[in-house]
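Have a look at the structure below, then the notes.
The values are calculated or read from the model by the stated rules, or taken from the named source; none is laboratory data. What you see is a predicted model; the values in this text were computed from it and never measured. No Cβ is skipped: glycine too gets one built from the backbone with ideal geometry, and neighbour counts run over all protein chains shown.
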Amino acid sequence: MRAAVYRRTGPAAEVLELVDLPAPVPGPGEVLVAVRASGINPADTKRRGGWRGLAMDHPLVVPHADGAGEIVAAGPGVDRGRIGERVWLWKAQGGYDGPGRAFGTAAELIALPAAQALPLPAALGFEAGACLGVPFLTAWRAVMGDGSVAGQTILVQGGGGAVGNLAVQIAARGGARVIATAGRGAPAGFARAAGAEAVVDRHGAVAEAVLALTGGAGVDRVVEVDFAANHVADARMLRPDGTLASYSSTSDPTPPFAYYDLGYKGLTVRLVQGARLPGSMFGEALAWLAAHAATLAVPIGARLPLAEIAAAHERVEGGAPGQTVVLP
């Protein structure tokens, strides 16, 4: 089978290569999936790039945690009735807090635990399905991690991005008033189309604009894309006893923490990892997806063949609008 691999960390164009590998065989409890689309997340490019000194945990790595395709074989202990099922894949390389698995979705075939191949709603194509794993599950926990948001006002920082766009949709359909920040042009359009009532230029005076939009009251919850860059401003925009749900802190992974800015308001800080949803919350997320799949929007910015995976990684690293998928 054809697969994209890297044998050392470094720049995409220098370390990614297209090779032929033996087709995997599903083991006990696993399924074999013919990958139709492979999604790229910033975490995938960070792993490949050796971000913060990340080392190679395996001699050879096939990247990407997310993907979608069709089950073509079932290992021992798996219902053979699943063969032919359209599925979306999550956590294909394991979590980001350990060595994980060597073989991700950037290949024609992948064998992985059957529980990580979930039925893809008929209304969603493979490309959209390949962009669900990290973005959807992260967005779900960031918005719904403390229960219903009906009647709340929620600020989504980065509402034009992969997680942020889905967070806007989840919050709006949950009955919340949604304000989003986004860059000009396509990102702002994505946020509006997702259901944001107002979109604030992320390069402008965000706190002042959000406070003006809320009559000075502030918001109940902030979904945050960069804790280090924004948590002080978030504290200004949050109402007393509000919640700051942050899923990344890329600009500074070990930021100074403005304790009293948050503490005087009694704010809750929730650090979000989509790969760690408790069982009950995971079931609720899947039920929501099934109910809303027909109207779910997953903006795809680029579709590139597997042979152009280096360009695909560079597009993600450059912050280009819309999600990037590679097609094996």
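Give, as residue ranges, the strands (runs of 3 or more DSSP E) completely inside the range 64-123 that count at least 1 residues that are in contact (Cβ under 8 Å) with a residue 60 or more places away in the chain, assigned by TED's automatic domain parsing to the domain that holds Arg52 and farther than 24 Å from Val316 by Cβ. Give the steps one after another, and end with the answer.
Details: elements: 66-74, 86-89, 109-113, 117-119.
In the range 64-123, the matching strands (runs of 3 or more DSSP E) lie at 109-113.
For the range 184-197, enumerate the residues that are of a type outside the set (Lys, Arg) and surrounded by fewer than 18 Cβ atoms within 10 Å (Cβ to Cβ).
Selection gives Gly185, Ala186, Gly189, Ala193, Glu197.
Run down Ala171, Ala139 and say which single residue is more than 24 Å from Leu211 (Cβ to Cβ) and modelled with pLDDT of 95 or more.
The conditions single out Ala139.
Any idea how many residues of the range 209-233 are farther than 18 Å from Ala176 by Cα and touching a helix residue (DSSP H, G or I) at 6+ places or on another chain (Cβ under 9 Å)?
6
Does the range 170-210 hold any residues that are assigned to a helix (DSSP H, G or I), of a type in the set (Val, Ile, Thr) and under 24 Å from Leu137 (Cα atoms), and which are they?
Taking the range 170-210 first, the residues assigned to a helix (DSSP H, G or I) are 170-173, 186-194, 206-210.
Narrowing the set further to residues that are of a type in the set (Val, Ile, Thr) leaves 170, 206, 210.
Ile170, the sole residue that qualifies.
What residue, of Ala258, Ala275, Ala285, Ala293, is over 20 Å from Ala13 (Cα atoms) and loosely packed, with under 14 Cβ neighbours inside 10 Å?
On the way: Ala275 fails: loosely packed, with under 14 Cβ neighbours inside 10 Å; Ala285 fails: loosely packed, with under 14 Cβ neighbours inside 10 Å; Ala293 fails: loosely packed, with under 14 Cβ neighbours inside 10 Å.
Every option except Ala258 fails the conditions.
Pick from Asp57, Asp66, Asp79, Asp20: which is out of contact with any helix residue (DSSP H, G or I) (no Cβ under 6 Å at 6 or more places or on another chain), modelled with pLDDT of 95 or more, farther than 18 Å from Ala307 by Cβ and of a type in the set (Asp, Glu)?
Asp79 is the lone residue from the list that is out of contact with any helix residue (DSSP H, G or I) (no Cβ under 6 Å at 6 or more places or on another chain), modelled with pLDDT of 95 or more, farther than 18 Å from Ala307 by Cβ and of a type in the set (Asp, Glu).
Strands (runs of 3 or more DSSP E) wholly in the range 1-57 with at least 3 residues that are loosely packed, with under 14 Cβ neighbours inside 10 Å and not aliphatic (A, V, I, L, M) - which ones?
Filter on the range 1-57 gives an empty set.
Would you be able to tell me the number of residues in the range 208-230 that are among the charged types (D, E, K, R) and surrounded by 24 or more Cβ atoms within 10 Å (Cβ to Cβ)? Step through it out loud before you land on a result.
Here is the first cut: in the range 208-230, the ones among the charged types (D, E, K, R) are 208, 220-221, 224, 226.
Now restrict to residues that are surrounded by 24 or more Cβ atoms within 10 Å (Cβ to Cβ): 221, 224.
Looking only at that region, the number is 2.
Provide a single number: the residues in the range 184-198 that are under 21 Å from the mean Cα position of the chain (by Cα) and either under 19 Å from Ser246 (Cβ atoms) or in contact (Cβ under 8 Å) with a residue 40 or more places away in the chain (or both).
So the answer is 7.
Go through the range 199-223 and count every residue that is touching a residue at least 60 places away in the same chain (Cβ under 8 Å) and of a type in the set (Val, Ile, Thr).
Counting residues in the range 199-223 that are touching a residue at least 60 places away in the same chain (Cβ under 8 Å) and of a type in the set (Val, Ile, Thr) gives 4.
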